[in-house]
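Here's the structure, in structure tokens; my notes come after.
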Amino acid sequence: MKALVYWGPKDVRLMDRPKPEIQNDEVLIKVRYCGICGSDMTMYSGKHPRIRPGTVMGHEFVGEVVEIKTSKKTDIEIGDFVVVEPMFNCHNCFYCKTGRYNLCDDVQMCGRDVDGGFAEFVKVQLDKVIKLSKSCDLKRMALTEPLAVAVSVVNKCKLKVGDTAVVLGGGPIGLLVAQVLRYSGASSVIVSEINEYRLQKAREMGFVAVNPNEEDLKSRVQNFNKVGADVVIDCVGHPSSFETALKLVRKGGLINIVALYHDKVSVDLLQIVYSEIDLKGTFVYTYNAFRTAKDLLEKGLIDVEPFITAVYPLENVVEAFERIYRGTDDLKTLISVP
Ligand SMILES: [Zn+2]
Ligand SMILES: [Zn+2]
């Protein structure tokens with residue numbers, strides 16, 4: 001079968017690989033769509049500490065079940081459309097046993113530690129496979145994984161109906177977070193972004209979009225809530241973005257960081273104390289957020305169509321990576337597998 005293999009920094013190759021053979025409690029999936037994620041680009045650029053040469057990349061995939069091996073009772077059948085939670089955890093450690101398996105020390109990420117979904121076929125753990133309805137739009141369902149991150153973020157925000165929320169960064173995760181914030185009852189969602197195309201996308205989605213290089217972000221936020229934002233989500237990860245978050249959040253408000261910071265940041269902890277700021281970090285998702293994301297998409301409650309700005313066939317996957325690396329405005333690029 002054809003598969004996209006990580007070979008080294010800026011060296012990914014579409015190669016012939018043997019079709020995976022499944023063991024007990026595993027499922028073989030014929031991939032239909034797989035999204036390119038920011039973390040895939042970190043691997044591509046050579047800045048990811050974990051990816052090993054020879055691994056098939058891709059973790060945001062949907063497809064069709066072609067083989068199952070298990071003696072367990074399961075609702076998964078051959079021919080089902082499915083989405084996969086791409087995090088294979090140990091099931092035995094403290095974090096797995098207490099339901100926070102995103103923190104498992106032994107977690108194996110599909111497309112990073114084990115072969116992933118930029119391929120014709122991928123094998124996965126049975127308990128990470130989620131059945132989709134036969135009538136679903138598979139292309140949209142390919143956004144389940146990034147939407148699960150957004151759901152996980154918002155679930156940690158103690159959001160109340162009518163809250164004012166600010167999202168720093170209008171990339172795919174930022175705009176998905178903005179969508180979930182609005183769905184969860186935020187009355188004003190302000191997106192801060194400097195890229196014109198993404199600002200326009202945010203506006204089209206009905207958000208207040210502000211370019212902080214051109215407008216005073218704080219006074220725009222204060223137009224909606226004089227005391228400041230109830231919730232600020234940092235989807236940028238630049239030392240200045242945390243500083244901005246501290247400027248925008250009201251006393252007693254909450255800052256949630258989902259961005260992956262590569263550099264250390266100096267923080268005014270005194271303000272955290274004096275202003276009683278809740279500081280949160282969110283790393284991916286667990287069971288509930290993933291299933292909620294799938295439900296929101298299946299029921300059409302969050303519209304992800306505007307996110308899908310490019311679709312390439314698997315044979316052009318290398319070109320898609322090169323294009324994103326050179327810099328493109330695209331929000332989400334999907335790879336379609338024939
Ligand atoms: Zn992802
Ligand atoms: Zn574990």
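The values are calculated or read from the model by the stated rules, or taken from the named source; none is laboratory data. For clarity, every value in this text was computed on a predicted model and none was experimentally measured. Positions of Cβ are generated from backbone atoms using ideal geometry, with glycine treated the same way; all protein chains shown enter the neighbour counts. In case anyone asks, the SASA skips ligands and DNA or RNA and just uses the protein heavy atoms, side chains included. Shrake-Rupley method; radii C 1.70, N 1.55, O 1.52, S 1.80 Å.
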Show me 244-254, 186-196 ranked by packing, highest mean number of other Cβ atoms within 10 Å first. 186-196, 244-254
FRET efficiency, 1/(1 + (r/R0)^6) with R0 41 Å, evaluated for residue 71 and residue 329 via beta carbons: 0.25
Between residue 227 and residue 78, how many nm apart are label points set 7 Å from Cα along the C-beta direction? 6.2 nm
What FRET efficiency do you get for residue 274 and residue 303 if R0 is 41 Å and r is their Cβ-Cβ distance, rounded to the nearest 0.05? 0.50
Give me the distance in nm between label points sitting 7 Å out from Cα along the Cα-to-Cβ direction at residue 113 and residue 267, one decimal. 2.6 nm
Where the centroid of each part is defined by its Cα atoms, how far is the range 241-259 from the range 156-198 in Å? 13 Å
Looking at the square roots a ≥ b ≥ c of the eigenvalues of the Cα gyration tensor of the range 15-120, which shape do they give, rounded for a/c under 1.5, prolate if a/b is larger than b/c, or oblate? oblate
Counting sequence-distant residues (5 or more places) and residues on other chains, those with an amide H built under 5 Å from that of residue 281 are 257
Only Lys, Arg, Asp and Glu count, each charged at its Cβ (+1, +1, -1, -1), so figure out the dipole size of the range 1-113 about its Cα centre, rounded to 20 debye. 360 debye
Once phi for every residue in the range 75-87 is put through the Karplus expression 6.51 cos²θ - 1.76 cosθ + 1.60 (θ = phi - 60°), the whole-Hz ³J(HN,Hα) values, with Gly and Pro written as x, are 8, 7, 10, 4, x, 5, 7, 9, 10, 10, 6, x, 10
Accessible area per residue, Å², the chain with all protein chains present, probe 1.4 Å: 46 Å²
Residue among 204, 60, 85 with the largest mean-square fluctuation in a Gaussian network model of the chain, springs linking Cα atoms under 10 Å: 204
Taking the full set of protein chains and a 1.4 angstrom probe, give the accessible area of residue 135 in square angstrom, rounded to the nearest 10. 110 Å²
Of every hundred units of 1.4 Å-probe accessible area on the range 1-112, the number belonging to carbon and sulfur atoms, as a percent, is 48 percent
Suppose every Lys and Arg Cβ carries +1 and every Asp and Glu Cβ carries -1, with no other charges. What dipole size does the range 157-281 come out with about its Cα centre, to the nearest 20 debye? 340 debye
Among bridges DSSP assigns within the chain, what percent are antiparallel (round to 5)? 55 percent
Which listed pairs, of 2/72; 10/247; 131/332; 47/160; 72/139, have C-alpha distances above 28 Å, in listed order: 2/72; 10/247; 47/160; 72/139
In debye, nearest 20: dipole of the chain around its Cα centre with unit charges on the Cβ of K, R (+) and D, E (-)? 480 debye
May I ask you to order 47-55, 153-161, 216-224, 232-240 by the average number of other C-beta atoms within 10 Å around their residues, highest value first? 232-240, 153-161, 216-224, 47-55
Roughly what would the spin-label model give for residue 311 and residue 131, points 7 Å off Cα along C-beta, in nm? 2.6 nm
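Grab the Cα-Cα distance for residue 11 and residue 219, subtract it from 0.36 nm times how many residues apart they are, and report the gain in nm with one decimal.
Numbers: separation 208, 0.36 × 208 = 74.88 nm, distance 4.54 nm.
Length gained, residue 11 through residue 219: 70.3 nm.
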